[in-house]
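Q: Okay, handing you the structure first.
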Amino acid sequence: MTIHKGHTGSDERVLRRRRRVWIYLVLLGLAVFFLFPLVFMVVSSLKPDGQILSDVGGWRAFLPLGDISFDNYSAVFDRVPVGRFLFNSVLVTVVIVAAGLVVNSMAGFAISRLRWTGRGVVLSVIIATLIVPFETIAVPMVYWVSQLPTLLFQNGQIVYDFGWLDTYQVQIIPFIANGFSIFLFTQYFSTIPAALDEAARIDGAGWFTIYRKIAVPLSGPAFATVAILTFLPAWNQYLWPSMVVQDEKLRPVMVGMQYFFQDNTAWGEVMAYTSMITFPVLVVFLAFQRAFVSSVAASGVKE
């Protein structure tokens with residue numbers, strides 16, 4: 001009887017190992033599948049247009065074979081002001097992410113921790129905004145921002161004027177507050193024990209102190225997740241900057257894509273440009289992926 005149990009335990013371990021191996025093989029296959037577009041993009045950025053089109057039908061499209069060079073990257077800098085576009089995108093994205101973390105976390109804290117009349121209705125309205133496509137309000141927003149007051153610096157003097165078009169603030173301010181970010185912070189803050197608030201209140205701490213010294217330090221995964229989810233749409237903005245920014249000095253990187261499709265499309269330069277603007281996204285995700293996974297896992301645990 002004891003020998004039988006030993007064989008049963010050994011068989012179970014073998015089955016678990018086989019199951020784990022199959023899971024890893026499936027995950028590896030999915031990883032390779034999703035990496036194919038990135039590999040094709042990077043490899044094609046090193047090839048001339050003729051070779052890209054001739055290799056696209058076979059496995060050579062994913063390998064750096066043939067006439068390999070960095071000529072496409074140098075051509076990109078000759079065609080568009082890449083440095084200026086990158087600076088604009090980095091500035092706009094960093095400000096949106098930083099301001100969004102502060103504003104949305106404070107809103108989520110107020111909804112989840114403070115007790116005030118109507119907070120459920122406010123949260124419902126915030127969630128309802130998620131179903132409204134941005135394209136439906138883009139045109140009215142263009143009119144609104146064109147009527148807003150602004151301060152300009154001209155000839156060393158501050159001039160009061162109207163209209164935010166062709167400015168940095170028109171690309172930043174409309175996207176700081178985000179309904180999904182507020183909802184995510186609300187849900188995450190709700191998992192923090194209320195006893196911590198009560199103990200802090202007894203010690204004389206105000207709500208802002210509780211937010212700054214208790215809620216924020218305990219919510220690192222939520223902040224990382226919101227940072228990633230805010231960074232991606234901010235970096236990928238195309239429609240809104242195309243509508244409100246006509247000055248080339250203020251355009252972000254995504255609007256720069258249209259420079260490559262005006263005459264004859266140079267696919268090698270397109271791949272080089274997309275490789276350059278994709279790199280920051282990969283860096284941000286790799287930097288915050290552990291906290292992102294932790295936040296997603298924690299969101300499914302309710303006590």
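The values are calculated or read from the model by the stated rules, or taken from the named source; none is laboratory data. This structure is a prediction, so every number in the text was calculated from the model and none was measured. Please note: Cβ atoms are built from the backbone with ideal geometry, for glycine as well, and neighbour counts cover all protein chains shown. Remember, those area values only see protein heavy atoms, side chains included, never the ligands or the DNA or RNA. Shrake-Rupley method; radii C 1.70, N 1.55, O 1.52, S 1.80 Å.
Q: Rounded to the nearest 500, what is the 222 nm mean residue ellipticity of the chain from helices alone, with -39500 (n - 2.57) per DSSP H run of 4+ residues and division by all residues?
A: -21500 deg cm²/dmol
Q: With +1 on each Lys and Arg Cβ and -1 on each Asp and Glu Cβ, and nothing else charged, work out how big the dipole of region 1-106 is about its Cα centre, in Debye to the nearest 20.
A: 800
Q: A further question follows. Return the carbon/sulfur percentage of the accessible area of region 6-68, one whole number, probe 1.4 Å, all protein chains in place.
A: Ligands and nucleic acids excluded, carbon and sulfur give 71 percent.
Q: Anyone know which of Asn264, Asn236, Asn178 comes out most mobile in the 10 Å Cα GNM of the chain?
A: Of the options given, Asn264 has the highest mean-square fluctuation.
Q: Now for a separate question. Once the Cα gyration tensor of region 6-68 is diagonalised, what are the square roots of 5 times its eigenvalues, in whole Å and ordered largest first, as equivalent ellipsoid semi-axes?
A: Result for region 6-68: semi-axes of 43, 9, 8 Å.
Q: Dipole size in debye (nearest 20) for the chain around its Cα centre, Lys and Arg Cβ +1, Asp and Glu Cβ -1?
A: In debye, rounded to 20, the chain gives about 1540.
Q: Indicate the helices, whole DSSP H runs only, in the chain that combine a mean Kyte-Doolittle hydropathy of 0.0 or more with a Cα extent along their long axis of 27 angstrom or more.
A: Values: long enough: 2-44 (62 Å, 0.64); 82-113 (45 Å, 1.60); 267-299 (43 Å, 1.24).
Helices meeting the criterion: 2-44, 82-113, 267-299.
Q: Ok, one more. If you stretched the chain out fully between Ala138 and Phe162, how much longer would it get, using 0.36 nm times the residue separation minus the C-alpha to C-alpha distance? All intermediate terms of the calculation are to be shown ahead of the outcome.
A: Numbers: separation 24, 0.36 × 24 = 8.64 nm, distance 1.91 nm.
Result for the pair: 6.7 nm of gain on full extension.
Q: Which of the three applies to region 131-196, rounded, prolate or oblate, going by the alpha-carbon gyration tensor with a ≥ b ≥ c and a/c under 1.5 meaning rounded?
A: On the way: a/c = 4.73, a/b = 1.92, b/c = 2.46.
Oblate is the answer for region 131-196, as a/c is 1.5 or above yet b/c matches or exceeds a/b.
Q: Could you tell me whether region 1-125 comes out rounded, prolate or oblate from its Cα gyration tensor? Rule is a ≥ b ≥ c as square roots of the eigenvalues, rounded for a/c under 1.5, then prolate if a/b exceeds b/c, otherwise oblate.
A: Oblate, since a/c reaches 1.5 and b/c is not below a/b.
Q: Also: With no solvent and one point on each alpha carbon, what is the Debye value of log10 I(q)/I(0) for region 101-220 at q = 0.09, 0.14, 0.20, 0.23 Å⁻¹?
A: For region 101-220 at q = 0.09, 0.14, 0.20, 0.23 Å⁻¹, log10 I(q)/I(0) is -0.39, -0.76, -1.05, -1.24.
Q: Additional query: Please report the carbon-and-sulfur percent of the accessible area for region 81-301; probe 1.4 Å, protein heavy atoms only, DNA, RNA and ligands left out.
A: 68
Q: Determine the principal axes of the Cα atoms in region 180-230, then give the extent along each, sorted from largest to smallest and rounded to whole angstroms.
A: 36, 15, 14
Q: Okay, next question. Over the Cα atoms of the chain, what radius of gyration and what Dmax do you get, in Å?
A: Radius of gyration, then largest Cα-Cα span, for the chain: 25.6, 95 Å.
Q: Find how much the distance from Trp22 to Phe34 grows on full extension, using 0.36 nm per residue of separation minus their present alpha carbon separation; answer in nm with one decimal.
A: 2.5 nm
Q: Please work out the average accessible area per residue across the chain, using the 1.4 Å probe convention, and give it in Å².
A: Numbers: 18390 Å² over 303 residues.
Result: 61 Å² per residue.
Q: Taking the Cα centre of region 6-68 as origin, work out the dipole magnitude from +1 charges on Lys and Arg Cβ and -1 charges on Asp and Glu Cβ, in debye rounded to 20.
A: Rounded to the nearest 20 debye, it is 520 debye.
Q: Select from Leu63, Phe34, Pro48 the residue farthest towards the positive end of the dipole of region 1-95; place +1 on Cβ of Lys and Arg, -1 on Cβ of Asp and Glu, and compute about the Cα centre.
A: Farthest towards the positive pole: Phe34.
Q: Here's something else I'd like to know. Using R₀ = 45 Å, calculate the FRET efficiency as 1/(1 + (r/R₀)^6) where r is the Cβ-Cβ separation of Leu91 and Ser10; round to 0.05.
A: According to the calculation, E is roughly 0.15.
Q: Hey, if you put +1 on the Cβ of every Lys and Arg and -1 on every Asp and Glu Cβ in region 210-290, which of Tyr273, Ile228, Pro241 ends up farthest toward the positive end of that dipole?
A: Ile228
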